[in-house]
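Below you'll find the structure, written out as structure tokens, and then a few comments.
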Amino acid sequence: MAAPPLLVLNDVHLTFGDTPLLVGAEFSIEPEARICLVGRNGSGKSTLLKIAANLIEIDAGERFIQPSTTIRYLHQEPLLSGLETTLSYVKEGLGPGDDPYRAKYLLDQLGLTGNENPINLSGGEKRRAALARVLAPEPDILMLDEPTNHLDLPTIEWLESEINGLRSALVMVSHDRRFLDALARSTVWLDRGITRRIDRGFEYFEGWRDQIFEQERRAKKKLDRKISEEENWLRYGVSARRKRNQRRLTELREMRRKRRETRRNALNSIKMEVAEAELTSKLAIEAIGVSKSYGEKIVARDFSIRVLRGDKVGIVGPNGTGKTSLLNMLTGGIEADEGRINISRNLDIATMDQNREDLQKDWRTKDAITGGQGDRVTVRGKSRHVIGYLKDFLFSPEQANTPITVLSGGEKGRLLLARALARPSNLLVLDEPTNDLDLETLDLLQEMLGDYSGTLLMVSHDRDFLDRIVTSVIMSEGEGVWTEYAGGYSDMLVQRAKGPDTSANAARVKNKKSETVKKTPREHGRLKLSFKEKHALEKLPKEIDSLVREIAQLKEILADRDLYSRDTEAFSNALGKMETAQERLALLEEKWLELEILRERINKDFKY
């Protein structure tokens, strides 16, 4: 018999101003549950968590919690004022009987000493201290609101491992797909004020959601089509694009394959004797032996790279290693101490920085796109009405005149992306573009960047997003050493001798380099094959066998020496079918081989 839930929300209603936010929402948390709460920005995810944590009163409905159940809630914007040190801040969150040494252990794992003054912490350091505070008591229910924001990749991977070792029930709101894939076993979808639940991991969410959308579409067939399209565009737009994204991912894999074939000889393939005009047409940025330091802090040491036009490059590494500084050097924002950086004279650069300070407080939403001048914007050489362009970024027509000061963090992020992509450019520079964006907006951004024909340089900690977008990754190896790897983040892990050290102090503690660490599945960013991958492994051999038989039959037909003279059209048809079948066979065999290698690697990792 299943254990009773620790916490239940029943028929919850909540209205802010004149706008109903929750209209009968239901939510339950069972012991040791692993729940991801998903929904668009502004749908009320954080509010629902705060109601569950008893931080917000509801207008109507019921909240029940089992007696003596302990809850810890991680705020999106934690407040650390009023305490002298980070250690005292973490210890204040402990309950009777909790281990005080765990506070120091967690701070150390998260790269903090415990002696820091909370007032002087950066955004990332505040997030680490707040994580230590909610993890230290090992509560019955752990609620995490965007826990990966401002964290670097090693810390995110450490956090996944730490949470997996807890017996706490977990509820999390996050835009990090890989994080959700690794931890969630149930998915709650908050949409238009109500909740729906599926007791399966996040990897099944999008297919399940699209089925619900399809059911709704069929139920609304009697409505006027034009009105339906206008009213539901924002809700259905991203889902309708997913089929196009699958094609784009296929094209991206082909680009990566070609890049891997040419990368080994890249430095030798473009010789100094090539004409300067030809170099200018192919080369966007070239760094030769670049070094940079600030006092004892080394940002880059003897770093060289060629970024060709159309390349999409991701920069990754622990916080404090100089990702943003490297990005600024490559684009001419700061000068190198040594070496040379050549930037094409024809580059038009558009940027979006992680501080998101490019918006004036007195602007309306549309002013951020037009600069307050008229209602038209030129995008890729075409004049568009600003409201139509904003709809591409999931803004309703009514929001065009909304003051920027009332937009949510996710909406401001979306607006900055719209602003950056509206500028004429052939080099797009994005510093942590995925922060505060919901999953649907990430899908939209993926499409926009996939359509972008120029060069892309991007700093990001979102592993899934990197895998979907970039054609190469520049990885920090520590102490100013950077290495470029062809492909996405997962490709980079495979190419390295081992995955990145999951200790948050890896870039700062030199003596850990000599330690031998066994590989875990998390170093590859994968715990198991997805449902689609398992299905493909079962299905592909049958398709391959069918194609082999088809090709054999076509070869028999073409072996007839008199066929061409007797029936030219039949000969051409058979030849065309055989060539198509052979191309298809090569693709399926390559896909099967990739999945087989992935399956074997995951199985091998689990043997440790």
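The values are calculated or read from the model by the stated rules, or taken from the named source; none is laboratory data. Every value quoted in this text rests on a predicted model; they were computed, and no experiment measured them. Cβ placement follows ideal geometry from the backbone for every residue including glycine, while neighbour counts extend to all protein chains displayed.
Every residue, every condition in (1) assigned by TED's automatic domain parsing to the domain that holds Glu447; (2) touching a residue at least 60 places away in the same chain (Cβ under 8 Å); (3) farther than 21 Å from Leu444 by Cα; (4) in contact with a strand residue (DSSP E or B) (Cβ under 7 Å, 6 or more places away or on another chain), yes or no:
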{"site": "Gln360", "(1), (2), (3), (4)": "yes, no, yes, no"}
{"site": "Trp363", "(1), (2), (3), (4)": "yes, no, yes, no"}
{"site": "Ala368", "(1), (2), (3), (4)": "yes, no, no, no"}
{"site": "Thr378", "(1), (2), (3), (4)": "yes, no, no, no"}
{"site": "Lys391", "(1), (2), (3), (4)": "yes, yes, no, no"}
{"site": "Leu394", "(1), (2), (3), (4)": "yes, yes, no, no"}
{"site": "Leu407", "(1), (2), (3), (4)": "yes, no, no, no"}
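Taking the criterion of being part of a loop (DSSP other than H, G, I, E, B) and touching a residue at least 24 places away in the same chain (Cβ under 8 Å), the residues of segment 69-81 that qualify are Thr69, Thr70, His75, Gln76, Pro78, Leu80, Ser81.
Being among the acidic types (Asp, Glu) and over 23 Å from Pro424 (Cα atoms) is the filter; apply it to segment 294-331 and report the residue that is surrounded by the most Cβ atoms within 10 Å (Cβ to Cβ). Talk me through it step by step, then tell me what you get.
Within segment 294-331, the subset among the acidic types (Asp, Glu) is 296, 302, 311.
Now restrict to residues that are over 23 Å from Pro424 (Cα atoms): 296, 302.
On the way: Glu296: 5, Asp302: 13.
Residue satisfying both the conditions and the ranking: Asp302.
Each row is one residue, and each column tells you yes or no for (1) buried (at least 23 other Cβ atoms within 10 Å of the Cβ); (2) free of Cβ contacts under 8 Å to residues at least 12 places away in the same chain; (3) not acidic (Asp, Glu).
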{"position": "Asn115", "(1), (2), (3)": "no, no, yes"}
{"position": "Asn120", "(1), (2), (3)": "no, yes, yes"}
{"position": "Gly123", "(1), (2), (3)": "no, no, yes"}
{"position": "Ala132", "(1), (2), (3)": "yes, no, yes"}
{"position": "Pro139", "(1), (2), (3)": "no, no, yes"}
{"position": "Leu144", "(1), (2), (3)": "yes, no, yes"}
{"position": "Thr148", "(1), (2), (3)": "yes, no, yes"}
{"position": "Leu151", "(1), (2), (3)": "yes, no, yes"}
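Looking across segment 55-68, the residues that are in a loop (DSSP other than H, G, I, E, B) and closer than 18 Å to Pro31 by Cα come down to Gln66, Pro67, Ser68.
Considering only residues in segment 6-32 that are over 13 Å from Ile58 (Cα atoms) and in contact (Cβ under 8 Å) with a residue 60 or more places away in the chain, the one that is surrounded by the fewest Cβ atoms within 10 Å (Cβ to Cβ) turns out to be Glu32.
For segment 68-97, a residue qualifies if it is under 24 Å from Pro5 (Cβ atoms) and charged (D, E, K, R), and exactly one does: Arg72.
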